[in-house]
Amino acid sequence: MRIDILTLFPEMFESPLGHSILKRAQDSGIVDIALTNIRDFATDNYRKVDDKPYGGGPGMVMMPGPVFDCFEYVQKLSPEKGHTILLTPQGQRFDQVKAAELSAEKRLILIAGRYEGIDERIRIGLGAEQISIGDYVLSGGELAAMIIVDAVVRLLAGALGDEDSPKDDSFSESARGGLEYPQYTRPEVFRGMKVPDILLSGDHAKIAEWRRQQAIERTKKWRPDLLKDNNNKNEKSEG
Ligand code: ADE
């Protein structure tokens, strides 16, 4: 997969992309991530990329020119057209289903907006899918882009050492969109808390059933909204 990120702050990505799974995935050629600075496409001597809103009001608005020029430049960096995403709190909420969907793309182009807003013609003209990572407002789309990159890349084949490891994740199909079962490792007893006997039993069928039950119980207790979401989905698909 190739991922292009258009941003005014490419340095913000250095640390998250330079460690752990994201670094390994790049080093081993599973994903190629390229950062392009929108400011390099400013046309005036001050490298200006934002301006006052027409009609008045507080703050500055990202100008369409540099974003369009940057996007057109980036598109030509690879023959694959790519799926373009604009990070904005006004987008559809990102979740694990969306992460899985995006992980099937050959190329993603992520555009991180900054300042108080972006010129509406960026939204209209680029035909990008708008994605939000949650109902809160960040200072810019950079952190949102990093979250999407992380959630998508770890789903790519070979990105996690063990091919099976994303399979049982919370929100995955095997967790039926709910939470994951509890995990334990050594020691067997820690500060008086013991690993459940069943996990030491070696009975794989019983362990699988116990995990399934635990996953359902903790989803009911901690995230009942996920069960409601699933019921709604089932009702829709049946109706
Ligand atoms: N930019 C600012 N807030 C955001 C959010 N919640 N999701 C995606 N991009 C954003």
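The values are calculated or read from the model by the stated rules, or taken from the named source; none is laboratory data. Note that the coordinates shown come from a computational prediction; the quantities given were computed from them, not determined experimentally. Please note: Cβ atoms are built from the backbone with ideal geometry, for glycine as well, and neighbour counts cover all protein chains shown. To get the accessible areas, we keep the full protein, side chains included, count just its heavy atoms, and leave off ligands, DNA and RNA. Shrake-Rupley method; radii C 1.70, N 1.55, O 1.52, S 1.80 Å.
Shape class of the chain from the alpha-carbon gyration tensor: prolate, with a/c at 1.5 or above and a/b greater than b/c.
Taking a point 7 Å out from the Cα of R223 in the direction of its Cβ, the residues of segment 86-126 whose backbone N falls within less than 19 Å of it are 92-103.
For segment 112-199, trypsin sites (Lys or Arg not before Pro) are listed when DSSP marks them as loop and at most 12 other Cβ atoms sit within 10 Å of their Cβ; the list is K167, R191.
When you filter the trypsin sites (Lys or Arg not before Pro) in segment 30-64 for DSSP loop state and at most 15 other Cβ atoms inside 10 Å of their Cβ, you are left with R47, K48.
Here segment 1-149 has 52 percent of its accessible surface on carbon and sulfur atoms, given a 1.4 Å probe and all protein chains in place. Close amide H pairs (under 5 Å, H built 1.01 Å from N) link I5 with A34, L35, T36, L110, residues at least 5 positions away or on another chain. Among the listed pairs K23/K206; K194/K228; K98/K220; K106/K167; K194/K221; K52/K98, a Cα-Cα separation exceeding 26 Å is found for K23/K206; K194/K228; K52/K98.
Each Lys and Arg adds +1 at its Cβ and each Asp and Glu adds -1 at its Cβ; summed about the Cα centre, the chain shows a dipole of about 440 debye.
Looking at the chain, the accessible area is 61 square angstrom per residue; that uses a 1.4 Å probe and ignores ligands, DNA and RNA.
Value of Rg to Rh for segment 167-239, rounded to two decimals, is 1.08; Kirkwood radius and Rg both from alpha-carbon coordinates. With loop membership from DSSP and a limit of 14 other Cβ atoms within 10 Å, the longest segment of the chain without chymotrypsin sites (Phe, Trp or Tyr not before Pro) is 55-135. Of the solvent-accessible surface of segment 167-239, computed with a 1.4 Å probe and all protein chains present, 51% belongs to carbon and sulfur.
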